[in-house]
Amino acid sequence: VGGSFQSAGGAPIEGLATFAPVSGWSQLGSGIEGTVVAVDSDGTTVYAATNDAVSEFDGATWSTVASDLSGFELSSSLPNVLLLTDGFLYLGGWFTAVDGFEASNVARFNLSSREWESLGTGTGNGVTGSIIGFLFQTAVDSLAKIGDDIYISGSLTGAGTDTINNIARWNATTYAWAPIGPAVGKGVSAQDIWALATDGTEVLTAGPLTQSGLEPTRWVGRFDIVTGTWSAFGDESTRELLGVTSQIDFAGGGIFANVSE
């Protein structure tokens, strides 16, 4: 569990804690300083992002994998989400460079070479945040992997050299960016996309949405990976029940979301 706290289960633990049913709450090694904004693990190694760094816990000690995230002019940098997959640690947020390596709001750390890499090159590097992302100091809010594609969503207007609507995908084999859906009605009309979920055949997007593709949408939209089309989630009665949805996921044949009505 990561966040902004100073204790867990009555023990003085700051920022990041782990829970075991028998032993209860405990600290990972010597602990980590600051507010933890994102965390991911492969079961052996834990990665955590704070407001100004990305750190790695190998089961015994902590080490730093990124200590200098450069921000945009008039705005501080802000890591926001981590995704650990296929030998890479993907980082999304609001930044222009990671440890001096140019990267626009999204980058990945190669766990073999121990080096940071951009997603795309030149003007096709990374994603562009909208003015809303600037105001809230974040551009990328969610990352998900399906096959060779990394899905990136948030408050976005561009990916690589493409104009997009808040969601795009980057192919880890061809290193190419692509919008989600056809040229007409691609992506999602929204202030932001706060969460992504996938079962491998479709992608759910959650947040203050008004349209998915060409479909009027309220809070949750769905993208069919096979047909490449967007649709509204549920029928009219279902959509009327949905409120602010900041987390969504597939589990046990169902879809779970936290909703503030």
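Some points to look at:
- Close amide H pairs (under 5 Å, H built 1.01 Å from N) link Trp62 with Ser30, residues at least 5 positions away or on another chain.
- Amide H partners (placed H, <5 Å) of Ile164, local residues excluded: Gly158, Ala159
- Cβ-derived FRET efficiency at R0 45 Å, Thr163 paired with Ser23, nearest 0.05: 0.30
- Only helices enter this figure: runs of n ≥ 4 DSSP H residues, each worth -39500 (n - 2.57), summed and divided by the residues of the chain, yield -1000 deg cm²/dmol at 222 nm to the nearest 500.
- Placing pseudo-labels 7 Å out from each Cα toward the beta carbon at Asn51 and Ser7 gives an inter-label distance of 2.3 nm.
- Among Ser55, Ala190, Leu111 the positive-end extreme of the charge dipole of the chain (Cβ point charges): Ala190
- Relative to the Cα centre, the charge distribution of the chain, modelled as +1 at Lys and Arg Cβ and -1 at Asp and Glu Cβ, gives a dipole magnitude of about 260 debye.
- Positive-end residue of Gly228, Ala206, Val81, charge dipole of the chain with Cβ unit charges: Gly228
- Karplus (6.51, -1.76, 1.60) ³J(HN,Hα), θ = phi - 60°, over region 16-26, in Hz, Gly and Pro reported as x: 8, 9, 10, 10, 10, x, 8, 8, x, 7, 8
- Close amide-amide hydrogen proximity is noted between Glu202 and Ile225, each under 5 Å apart and 5 or more residues distant or on a separate chain (H modeled in the peptide plane; Pro and chain starts excluded).
- Of Tyr151, Tyr175, the order by accessible heavy-atom surface (1.4 Å probe, DNA, RNA and ligands excluded), from most exposed downward, is Tyr175, Tyr151.
- Sulfur and carbon atoms: percent of accessible area, the chain [1.4 Å]: 51 percent
- Options Ile167, Gly100, Ile146, ranked by Cα towards positive dipole end of the chain, top entry (Cβ charges): Ile167
- Solvent exposure of the chain amounts to 46 Å² per residue of accessible area, where only protein heavy atoms count and the probe is 1.4 Å.
- For the chain, modelled as a GNM whose springs connect Cα atoms under 10 angstrom apart, the maximal fluctuation among Asp149, Asp86, Asp141 occurs at Asp86.
- Gain on full stretching of the segment that runs from Phe256 to Asn171 - 0.36 nm per residue minus C-alpha separation: 27.8 nm
- Among Ser26, Ser70, Ser142: highest mean-square fluctuation, GNM of the chain, C-alpha pairs under 10 Å: Ser26
- Most mobile of Val37, Val98, Val127 in a GNM of the chain (Cα contacts under 10 Å): Val37
- A value for Cα extents along the principal axes in Å was derived from the coordinates, and within the list (1) 55, 47, 40; (2) 51, 44, 35; (3) 49, 45, 44 it appears as (2).
- Net dipole in debye of region 98-208 [+1 Lys, Arg Cβ; -1 Asp, Glu Cβ; about Cα centre; nearest 20]: 80 debye
The values are calculated or read from the model by the stated rules, or taken from the named source; none is laboratory data. Just so we're clear, the structure is a prediction, and the values are computed from it rather than from any experiment. So basically every Cβ, Gly included, is an ideal-geometry build from the backbone, and we count neighbours across all protein chains shown. Calculation scope for accessible area: heavy atoms of the full protein, side chains included, ligands and nucleic acids excluded. Shrake-Rupley method; radii C 1.70, N 1.55, O 1.52, S 1.80 Å.
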